[in-house]
1. When N counts the residues of the range A:271-319, how does its alpha-carbon radius of gyration compare numerically with 2.2 N^0.38 Å, as a ratio?
2. Which values of log₁₀ I(q)/I(0), to two decimal places, follow from the Debye formula for the range B:23-86 at q = 0.19, 0.26, 0.30 Å⁻¹ with a uniform point scatterer at every Cα?
3. Mind listing the Cα extents of chain C along all three principal axes, in Å, largest one first?
4. Using Cα pairs under 8 angstrom and six or more residues apart, how large is the relative contact order of the range B:321-455, in percent?
5. For the range B:100-115, in order, what is each residue's ³J(HN,Hα) by Karplus, 6.51 cos²θ - 1.76 cosθ + 1.60 with θ = phi - 60°, in whole Hz (x at glycine and Pro)?
6. How far apart, in nanometres, would the label points at residue C:177 and residue A:94 be if each is projected 7 angstrom from Cα along the Cα-to-Cβ direction?
7. Sorting check: for C:63-71, B:334-342, A:120-128, B:26-34, which peptide has the highest mean count of neighbouring beta carbons within 10 Å, and how do the rest follow?
8. Based on the alpha-carbon gyration tensor of chain B and its eigenvalue square roots a ≥ b ≥ c, which shape applies: rounded if a/c is under 1.5, prolate if not and a/b is larger than b/c, or oblate?
Amino acid sequence: MDFLNAIILISNFIIVPAITYGSQLALGAIGVTLIYGVLRFANFAYGDLMAFGTMIVILFTWYLQSKGITFGLLPTALLALPIGILFSIAISLFFDKTVFEYYREKKSNPVTFIVVSLGIMFVLNAVVRIIIGPNDINFMDGHKFIMKAREFKKLTGLNEGLAIKSTQVITLITTIITCSLLFYFLNKTKTGKSMRAYSDNEDLALLSGIDPKKIILLTWVIVSILATVAGTLYGLDKSFKPFTYFNNLLPIFAATIVGGIGNPLGAFYGGFLIAFSEIALTYAYKKFFKYLLPESLEPNTLIQFISTDYKFAISFAILVVVLIFRPNGIFKGKVI
Amino acid sequence: MKNFDIKISFSIMAFLIILVGIFQSWGVALSILNLCLISAVMSMGVNIQWGFAGLINFGVMGFLAIGGLATVLVSVPPVYEAWSAGGMGIIISGMFIVLVIFLLFYLNRILKDYRFKNYIIFSIIILSIILLKFISGPSIDRIESIDAATSGFLGGMNLPIVFSWFVGGLLSAGVAFIIGKVCLGLRSDYLAISTLLISGIIVSIVKHEEWLSRGVKNVIGLKRPAPYEINLQSSEWFIKLVEFLNTSKLSKIINVIEREDLLKELVINSSGIFVKLCFSFLFLFVLCVLLYFSEKALRSPWGRMMRAIRDNEEAAKAMGKNVVKQHLFIFMLGSAIIGFAGAMLVTYDGLFTPSSYQPLRYTFLIWVMVLLGGTGNNYGAILGGFAVWFIWIESAPFALFLINLLTFQLDEGNEIKSHLINSIPYFRYLMMGLGLLLVMRYRPKGLLPEKIISK
Amino acid sequence: MYFSASKLTGGYGGVNIIEDCSFNVNRGEIVSILGPNGAGKSTAMKAMLGILDLKSGVINLDGQDITKFKTQDRIKLGISFVPQIKNIFTELTVEENLEMGAFLNRDDIQPQIEKMFDLFPIIKEKRKQAAGELSGGQRQQVAIARALMTNPTVLMLDEPTAGVSPVIMDEIFQHILNIKKQNIAILMVEQNARQALEISDRGYILVTGKNAYEGDGDYLLNDKEIRKSFLGG
């Protein structure tokens, strides 16, 4: 029995990737849930907002690189991030002013908002692809690997290597920082509490003198920040392809609902739950069992619960399970 | 007023298509017409669910894929070798799945309020998935290894392809039944997200299960309910027909060899047009039949009841209407029509390409058609299908025209110009988005809104 | 009169629910607005708050005409409101609810929070708990405490004892009596007419949108006609 190798195997192929993926989903899901809680609709344009923000970051990164400015060991994109955030905020506020505000004042039903967000999705999708093209873009620079598999094997003498990419560490750290700041804001500051209050009970919040315009503005700002950061981290870790951002929206939606709509902390955990499930359930455990079991019991087949093609099925299955057992989400969310 | 609007809109559409025929080519015009007709059927299916019953089905792509799959399963000749290698295993797996589904429904009924009912059902599902892998795994491997490059799947029933349209509809209705049972109780935004996710799963299945559909290797050379151009080009009667229709043109040419060449050219062009025309008539027939029954249903007491449920579900429930059953029925009916259209589409294309099913193109574009055209209104759905598809196709040449106009000072090699030209395929998404936003703002009920139907 | 509303007429959309209604209340007074269901009591209160548009009528606070003022401005002037339903932030803690009550205050609100906990001692131990987890009676206390955070001079309550048990109802009315001691003008719409009148200085009875009866609490309680029609004999 080779516990150590088994653990390293799982860490390398499940735990480390899942933490990274979970962070990306968590950031996305918190954004979606905030929009749902405050603005009260499912924003189907969110994936393309992430793509848009990331696109600006990439363009500015290229500009910086052309001027010879880099960030040393860290990816230059991190320097470009604030610019991307600014543009995202601008475009979110633009769409809110020109599209969503009208329907808010008319008190249209949620379906209208969904449809309109579809329109914005089309527009953003087109704009991104027109400006930057539909192809895969790799904008990662700086030191790529903190630990290479080979180095690890040499260091520890184990059979299995543990590779840690710098993007994975950056993702985790950025997520922790962002979420800490966000939760501090929501729970410890007056403005943040007023946002939660508005999300909880709009009429009472208005009666308390809370200014809805400020809350909505703030929400879009926060959401744009989250979208740009999440999109950039994803793009750095994998690569930027406008097409994939919409596909990521599906597990993000699942994470949001699972965590309880309108509940940012729930969305955070929901993101990790979905990420771990997707990766753990599509991993082929053959080698893992090989390390753990005596030779006579070694498996011949892959021992893969579900094939990777069925990633959707996992998000969906978790979603259905949660909706049946706990319709308000695993944490308490609201039924709007 | 109502008839006036409809007549005007359709006249404009016809006029535009004719314009395309004149300025581009008749072949292109007919292609557009045919896809318009297919899109119209799709949007009618969605409209039945959304306009009649208020159900948001974001899973259109999945049902289209099922319809496409049906064409393969029905019309492709069976691969006997694959059947003998793994057919039994597949059949057993199929029966297993059916058994499990029945078991689940049965358990759901008898364990009605049992505290651990859901845990039991969930565990059974998990167990079934594991068992299924064991039962079907070996057979699947054997099937896929038979002639993997050209075949690698089970094939179909070798029936005429038009049958597949109905099979596609039936399969879609079946899948819709299961989805409906699970999801229809959810509120609208959850239903939207759930159907979107499920359609992703369906397309994943079609892309992955190569033993069934060849997956990403695609199925080409599907049968046709219309003649093949090549055959036409070598049939006596067709050549004579083309000669007859073009006597004036031909007689102007004195040189025999030149005249022969021209005739050949005309025959080739005309064969393409003839084939497309055959499809047009076929699709037009389908659309008219569908429209007829839809209009009848709309005006019937059943149609009124559906609209009553849509407009005020609580009141309808209080009056004793079984809302759940009606919703399920409508969901199945709409999905069947969508599946039917999916089969039509693949038939027209002549090939089945599972990787082409994308949500933007196959779900949301159809939704734009329904919303633009006018919800709750059959003619609106058809108009939406036509208008959106027309814009979708013509936006490319139109964009090219605009770009050339705006940048006529810049030469061909100019970076901006070439970048813009490369971006042309995406301009149609931009137009769709803007169109949708404009319609939702200024004509939220669509171009041909639902009129109050007075009997 | 510290706060008065004269000849209020209005409703939702075209139909008038209340016509020519008048009420007033002084500081340190408890005044009840009673009447059968649908009489327009809640509508009248919403009109006085500015949540509802008035067709005609005048509302006066301490000599100032506030008829055209927006709800938020009336709140800034010292009017506070406890709605009948959804009157607390269920996801926020008790203490956060109070903080939101004083949202418009810029100074330190801790003293005011402590004052509320003195007035409502039971919710003090629950201060870090989510308000939605409290019992019905405790939630009402939180709702009222929230409204008192702005140190209002006028407190309006819409059916504060709706749906609570008789024991809790007594508790709530006891709290309201304590609030009266703070020299606050209290106006309350109530369904439990008899118990409300027992603690009220004065009362108004609305019938189909119009003032029908008014007078001192004792008088209304003991009048034979009124007892028969509105107080259940």
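1. Working: Rg = 12.9 Å, N = 49, 2.2 N^0.38 = 9.7 Å.
Normalised by 2.2 N^0.38 Å, the Cα Rg of the range A:271-319 equals 1.33.
2. Debye output, listed in q order: -0.87, -1.09, -1.17.
3. Principal extents (largest minus smallest coordinate, Cα): 47, 40, 31 Å.
4. After rounding, I find 29 percent.
5. Whole-Hz 3J(HN,Hα) from phi for the range B:100-115: 4, 4, 4, 4, 5, 4, 4, 4, 4, 6, 7, 8, 2, 10, 4, 4.
6. 6.5 nm
7. Highest-to-lowest ranking by the protection proxy: B:334-342, A:120-128, B:26-34, C:63-71.
8. oblate
Quick note: the coordinates plus some simple rules give every number you see, no bench work behind them. Quick caveat: nothing in here was measured; it's all calculated off a predicted structure. Backbone-built Cβ (ideal geometry, glycine too); neighbour counts: all protein chains shown.
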